[in-house]
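In what follows, a structure is listed as structure tokens, so that the remarks can point back to it.
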Amino acid sequence: MPELPEVETVARQLDPQLRGRRLSSIEILDAKLAGPDWDSLRGFSIQRTFRGGKQVVLEFSRGKLSRFLSVHLRMTGRLIWVPELKGRLADPQACDHYQYKVPISDKSLRARFRLSGGELRFYDQRRFGVLALHSDPAGFASAGVEPLGPDFSPASLAGMLAGARGEIKPWLLRQDRIAGIGNIYASEILFACAVHPRRSAGSLSPAEQKDLHRHTVRILKLAIKHCGTTFSDFQDSTGSTGSFQQYLKVYGREGQACPVCARPLERIVQQQRSSFYCPDCQH
DNA sequence: CTTTCAGCCTGGGCGC
DNA sequence: TGCGCCCAGGCTGAAA
């Protein structure tokens, strides 16, 4: 699914659910996910759950030892906490979790982490997701700057853009520069900046660079506030389902009226990914 | 350095 | 009902 706001939503939701729980065993159901020494995690307890780039990270500890389990959800990965009550696991369909499109199916269950009080399940229909185990935080850190962190400033953005070659839209998707922006938010951010997706990244004026910084932060924060974007009409009772799709201005709206000038929005393909924009507002 | 393309996977939706 | 085709929020690696 997920870009930064969706992953942040998942991490925030899981953190209180998982905190302090001790891991007893792991069952890997998809051979693609074998590899890490999963059994070495037995007996470790979860300290916290957080987001790094587009990854969910679980920090485990046992005594002075630390382990970091990073989960890249890619397109369809989901992490769901399934509590145990009176010896029975809850129905995952009814569990508090981030929803999108596809209902949870047992067919896409790829891994189970058995913890005190229940289990954490990894579902992944398309099997693009990646689980990794690290013994230090440097292992999972993405190379790019966190757009909501202290290192992302108008000046640092200007520095990254200086001399940049390619088009701005694909540039925004590069995780080694800014970590966490994906296809949806890249289009939304450029629309807010009135910058055309085909503009050369290095050609942005100082004012446009400032706008790019400002709107990137603003839109990501706003999306987090609405628990991200889901293409699902299902809204769960906890309100933890993303609702930012209501606020998308251009993504997926090819042919519809631009919210600013009312002329039709367009879709183009850049590096095999759709970009949505207003040909009249964005230059 | 850049861009392009195939590939990794599954399944929904569409036109016929 | 079925088939073929296109689509999908991510990312890597090879090739040009």
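The values are calculated or read from the model by the stated rules, or taken from the named source; none is laboratory data. It should be emphasised that the depicted structure is a prediction, and the values quoted were computed from it without experimental measurement. Methodologically, a virtual Cβ is constructed for each residue, glycine included, from the backbone with ideal geometry; neighbour enumeration extends over all protein chains shown.
Among the residues of the range A:130-148, write down those that are assigned to a loop (DSSP other than H, G, I, E, B) and under 17 Å from A:ARG174 (Cα atoms).
Here is the first cut: in the range A:130-148, the ones assigned to a loop (DSSP other than H, G, I, E, B) are A:135-136, A:140-144, A:146-148.
Once the filter is applied, which keeps residues that are assigned to a loop (DSSP other than H, G, I, E, B) and under 17 Å from A:ARG174 (Cα atoms), the range A:130-148 yields A:PHE140, A:ALA141, A:SER142, A:ALA143, A:GLY144, A:GLU146, A:PRO147, A:LEU148.
What residue, among those in the range A:82-110 that are part of a helix (DSSP H, G or I) and under 30 Å from A:ALA179 (Cβ atoms), is farthest from DNA strand B (Cβ to nearest atom)?
At the first step, the residues of the range A:82-110 found to be part of a helix (DSSP H, G or I) are A:92-94, A:106-108.
Those still in the list that are under 30 Å from A:ALA179 (Cβ atoms) too: A:92, A:108.
Numbers: A:PRO92: 16, A:SER108: 7 Å.
The extreme case among them is A:PRO92.
Looking at this structure, is A:ASP106 within 21 Å of the chain's Cα centre (by Cα), at pLDDT below 95, outside the structural domain of A:THR216 (by TED's automatic domain parsing) and away from DNA strand C (no atom under 16 Å from the Cβ)? Don't jump to the end; show me each part of the working.
Values: within 21 Å of the chain's Cα centre (by Cα): no; at pLDDT below 95: yes; outside the structural domain of A:THR216 (by TED's automatic domain parsing): yes; away from DNA strand C (no atom under 16 Å from the Cβ): yes.
No: the conditions fail for A:ASP106.
Those residues that are buried (at least 21 other Cβ atoms within 10 Å of the Cβ) and either closer than 19 Å to A:GLY52 by Cα or hydroxyl-bearing (Ser, Thr, Tyr) (or both), I need them from the range A:121-140; list them, please.
If we filter the range A:121-140 for residues that are buried (at least 21 other Cβ atoms within 10 Å of the Cβ), which is where we start, we get A:121-124, A:129, A:131.
Across the range A:121-140, the qualifying residues are A:PHE122, A:TYR123, A:GLY129, A:LEU131.
Within the range A:211-233, work out how many residues are part of a helix (DSSP H, G or I) and within 16 Å of DNA strand C (Cβ to nearest atom).
We begin by selecting, within the range A:211-233, every residue part of a helix (DSSP H, G or I); these are A:211-225.
Remaining after also requiring within 16 Å of DNA strand C (Cβ to nearest atom): A:216, A:219-220, A:222-225.
Number satisfying all stated conditions: 7.
Pairs only if they're at least six apart or on different chains, beta carbon under 8 angstrom, first in the range A:155-175 and small (Gly, Ala, Ser), second more than 12 Å from DNA strand C (Cβ to nearest atom) and in a helix (DSSP H, G or I); list them, first residue then second.
A:ALA158/A:PRO206; A:ALA158/A:GLN209; A:ALA162/A:GLY202; A:GLY163/A:GLY202; A:ALA164/A:TRP171; A:ALA164/A:ALA201; A:ALA164/A:GLY202; A:GLY166/A:ALA201
Return the total of residues in the range A:171-191 being surrounded by fewer than 20 Cβ atoms within 10 Å (Cβ to Cβ) and closer than 22 Å to A:GLY228 by Cβ.
5
If A:LEU190 satisfies all but one of (1) modelled with pLDDT of 95 or more; (2) more than 16 Å from DNA strand B (Cβ to nearest atom); (3) within 20 Å of the chain's Cα centre (by Cα), what's the number of the condition it fails?
Of the numbered conditions (1) modelled with pLDDT of 95 or more; (2) more than 16 Å from DNA strand B (Cβ to nearest atom); (3) within 20 Å of the chain's Cα centre (by Cα), the odd one out for A:LEU190 is (2).
Output the number of residues of the range A:249-281 satisfying the condition of being within 11 Å of DNA strand C (Cβ to nearest atom), part of a loop (DSSP other than H, G, I, E, B) and loosely packed, with under 14 Cβ neighbours inside 10 Å.
Residues in the range A:249-281 being within 11 Å of DNA strand C (Cβ to nearest atom), part of a loop (DSSP other than H, G, I, E, B) and loosely packed, with under 14 Cβ neighbours inside 10 Å: 2 in total.
Among the residues of the range A:147-170, count how many are buried (at least 16 other Cβ atoms within 10 Å of the Cβ) and either modelled with pLDDT under 95 or within 12 Å of DNA strand B (Cβ to nearest atom) (or both).
Summing the residues that are buried (at least 16 other Cβ atoms within 10 Å of the Cβ) and either modelled with pLDDT under 95 or within 12 Å of DNA strand B (Cβ to nearest atom) (or both) in the range A:147-170 gives 7.
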